[in-house]
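Trainee: Got a structure here, written out as structure tokens. Questions coming.
The values are calculated or read from the model by the stated rules, or taken from the named source; none is laboratory data. Bear in mind the structure is a predicted one, so any value in this text is a computation, not a measurement. A quick note on method: Cβ atoms are made from the backbone with ideal geometry, for glycine too, and the neighbour counts reach across all protein chains shown. Accessible surface areas use protein heavy atoms only, side chains included; no ligands, DNA or RNA. Shrake-Rupley method; radii C 1.70, N 1.55, O 1.52, S 1.80 Å.
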Amino acid sequence: MKEQAGILEAVPGKRLFLAIIADYDLNRSICELIDNAIDNWIKNGKGKKLLIDINIDTTQQSIQIVDNSGGIKEDQLKNVISPGETSNDPMSKVIGIFGVGTKRAVIALSTDVKIISRFKDKSTFLVEFDNTWLQENNDWNLPYHRVDNIEPSTTNIKLQSLRYGINGDMLKRLKEHLQVTYAKFLKVNKLEIKLNDEIIESKLFEDWAYPPSYEPTQYSGKIKTDDGTINIKIISGLTQKSSPAGEYGVYFYCNNRLIAKALKSFEVGFGTGLAGKPHASISLMRVIVFLEGSAKLMPWNSSKSDIYYEHKVHLKLRDILIKIVKQYAKISKGLGKSEGGWPENVFKYPL
């Protein structure tokens, strides 16, 4: 017997936002907004250099982020607030596909949000909301307004009444985080990020040493799945200085964005029976993995802050990754024990 007894209303309550912002700090939130600008820029054809200007006032405790990525179309304004809504094609080489980035970021940072956007040379629109609207749990309707025009192709996000205080130390950590997260974009001069009028410089992790017979090596290939193909490149080698504090290990870039750095977990080859447990003796080894392809196939978590080890792409990659990690951990340890140690066997051989 099967008889309909009623219909369940599955519209989520706005307290959903409180759950999806729980693990968002300043760095992750700002990066989500940068990711969104990069994706919008890609969708709009990369017509010119992408400029992202971030201003954080620690006195007024406010944030403003302006980008020239193309602006938001009027019929896509709902994407900035509706959970799960996105205009990104998950099969394209973008960064965001989960439909939670912008709304999660702005709500994690602020209780007073204003988003002003002008798509190309069309009209300019304002979307704004605050805690009062968020607390109206069953009402998802949100008016938007046509306002005075800003620069064409521009989006301006204004955040006030921040949820937590921001200080100078946090700004310093944010600067360092942006330097490494977007280093590949910054390096090719297609992206410029300013933080309080300071241009963010690229910081890569490819400071290799070239000892004879142990130079860096590169592996290139493809990972095929039922849903498509990912291009992979792995560069492995020894670095020009020891980093026992933590910068050795495995790094992952997905579509040119750094997702995880200095991983030393069992899943990437560290541990008994593999490369051994993390130790100063292997702190010259570094392995950098570059993945390029459909965003849908990337093995990142929803906040793009770590690798999901059970993802089918990582599982296909794992065996060769473990082999490489073991190899260079062994080389690092061996050259350290040889006569002259690292100074004579490694550090004297820069490029």
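Trainee: Report, in debye and to the nearest 20, how large the dipole of region 288-351 comes out about its Cα centre when Lys and Arg carry +1 and Asp and Glu carry -1 on their Cβ. Could the numbers behind the result be given before it?
Mentor: Details: 11 positive and 6 negative charges, 35 e Å.
With only Lys, Arg, Asp and Glu charged at Cβ, the dipole is about 180 debye.
Trainee: Still on this structure, please answer the following. Apply the a/c threshold of 1.5 to the C-alpha gyration tensor of region 211-351 and tell me whether it is rounded, prolate or oblate.
Mentor: The shape class here is prolate.
Trainee: Sticking with this structure for a sec: Over the chain, what percent of the accessible surface lies on carbon and sulfur atoms, probe 1.4 Å?
Mentor: Values: 8430 of 17590 Å².
Here it works out to 48 percent.
Trainee: Through the Karplus equation 6.51 cos²θ - 1.76 cosθ + 1.60, θ set to phi - 60°, convert the phi angles of region 105-116 into ³J(HN,Hα) values in whole Hz; use x for Gly and Pro.
Mentor: 5, 5, 6, 5, 8, 9, 9, 9, 10, 10, 10, 10
Trainee: While we're on this one: Assuming 0.36 nm per residue, please report the length gained on full extension of the stretch TYR210 to TYR349 beyond their Cα-Cα distance. Spell out each step's value before the answer.
Mentor: Values: separation 139, 0.36 × 139 = 50.04 nm, distance 0.51 nm.
Extending this stretch completely gives an extra 49.5 nm.
Trainee: Follow-up question, since we're still on this one. Could you calculate the FRET efficiency of ASP112 with ILE320 from 1/(1 + (r/R0)^6), where r is the beta carbon distance between them and R0 is 30 Å, rounded to 0.05?
Mentor: Working: r = 49 Å, r/R0 = 1.64.
Computed FRET efficiency for ASP112 and ILE320: 0.05.
Trainee: Taking a 1.4 Å probe, which of ARG173, ARG286, ARG146, ARG28 shows the most accessible area, and what order do the others take after it? Write down the numbers at each step before the final one.
Mentor: Details: ARG173 130, ARG286 5, ARG146 155, ARG28 75 Å².
In descending accessible area the options line up as ARG146, ARG173, ARG28, ARG286.
Trainee: What residues qualify as long-range amide H neighbours of ILE259, i.e. H under 5 Å apart, gap of 5 or more or another chain, H built at 1.01 Å from N?
Mentor: Long-range HN contacts for ILE259: PHE252, TYR253, CYS254.
Trainee: How many nm separate the modelled label positions at MET1 and SER202, each set 7 Å beyond the Cα in the direction of the Cβ?
Mentor: 7.0 nm
Trainee: Want the number for ASP226 to SER123: 0.36 nm per residue separation, take away the alpha-carbon distance, what's left? Display every interim value, and only then the final one.
Mentor: Working: separation 103, 0.36 × 103 = 37.08 nm, distance 4.26 nm.
Gain on stretching ASP226 to SER123: 32.8 nm.
Trainee: Another question about this same structure. Obtain the nm distance between the two label points defined at GLU74 and ASN138 by a simple spin-label model: each point lies 7 Å from its Cα along the Cα-to-C-beta direction.
Mentor: 3.2 nm
Trainee: Under 5 Å between amide hydrogens, which residues at least 5 positions from GLY271 or on another chain qualify, with H placed 1.01 Å from N in the peptide plane?
Mentor: It is GLY276, LYS277, by chain and number.
Trainee: Got a number for the accessible area of LYS175? Probe 1.4 Å, square angstrom, nearest 10.
Mentor: Solvent-accessible area, nearest 10 Å²: 60 Å².
Trainee: Next question. Placing one identical point scatterer on every Cα of region 217-266 and ignoring solvent, what is log10 I(q)/I(0) from the Debye formula at q = 0.15 Å⁻¹?
Mentor: Debye output, listed in q order: -0.54.
Trainee: Just the accessible area for HIS279, please: 1.4 Å probe, Å², rounded to the nearest 10?
Mentor: Counting only protein heavy atoms, the figure is 110 Å².
Trainee: Within region 138-163, name every residue whose backbone N is under 12 Å away from a label modeled 7 Å from Cα of LYS48 along the Cβ vector.
Mentor: Output list for this probe position: 151-154.
Trainee: What whole-number distance in Å separates the alpha-carbon centres of region 206-224 and region 316-351?
Mentor: When both Cα centres are located, 11 Å separates them.
Trainee: Just to confirm, what accessible area per residue do you get for region 208-258 at 1.4 Å probe, in whole Å²?
Mentor: Details: 2290 Å² over 51 residues.
Per-residue value: 45 Å².
Trainee: Just subtract the alpha-carbon distance of HIS311 and THR59 from 0.36 nm times their residue separation and send over the number in nm, one decimal. Spell out each step's value before the answer.
Mentor: Details: separation 252, 0.36 × 252 = 90.72 nm, distance 4.33 nm.
86.4 nm is the gain from fully extending HIS311 to THR59.
Trainee: Any idea what the alpha-carbon Rg over 2.2 N^0.38 Å comes to for the chain? Don't jump to the answer; show the numbers that get you there.
Mentor: Values: Rg = 22.9 Å, N = 351, 2.2 N^0.38 = 20.4 Å.
The chain yields a ratio of 1.12.
Trainee: Rounded if a/c is under 1.5, else prolate if a/b beats b/c, else oblate: with a ≥ b ≥ c from the C-alpha gyration tensor eigenvalues square-rooted, which is region 182-263?
Mentor: Here region 182-263 falls in the oblate category.
Trainee: Shifting gears a bit: When only the heavy atoms of the protein chains count and the probe is 1.4 Å, how do PHE347, PHE119 rank by accessible area, highest first?
Mentor: Details: PHE347 70, PHE119 35 Å².
Solvent-accessible surface, decreasing: PHE347, PHE119.
Trainee: A further question follows. Give the relative contact order (percent, whole number) for region 132-272; include only Cα pairs under 8 Å separated by 6+ residues. Mind showing how you got there, number by number?
Mentor: Working: 117 pairs, mean separation 22.2, N = 141.
It rounds to 16 percent for region 132-272.
Trainee: How high is the relative contact order of the chain, given as a whole-number percent (alpha carbon pairs under 8 Å, six or more residues apart)?
Mentor: Values: 672 pairs, mean separation 56.4, N = 351.
That works out to 16 percent.
Trainee: Which whole-Hz ³J(HN,Hα) couplings does region 161-171 yield from phi under the Karplus relation 6.51 cos²θ - 1.76 cosθ + 1.60, θ = phi - 60°, glycine and proline marked x?
Mentor: 6, 5, 6, 8, x, 10, 10, x, 5, 5, 5
Trainee: Let me check against my output: what whole-number percent is the relative contact order of region 180-334, with C-alpha pairs under 8 Å and at least 6 apart?
Mentor: That works out to 23 percent.
Trainee: What is the helix-to-structure angle for 26-43, meaning the angle in degrees between its Cα long axis and the longest Cα principal axis of the chain, kept from 0 to 90 and rounded to the nearest 10?
Mentor: 80 degrees
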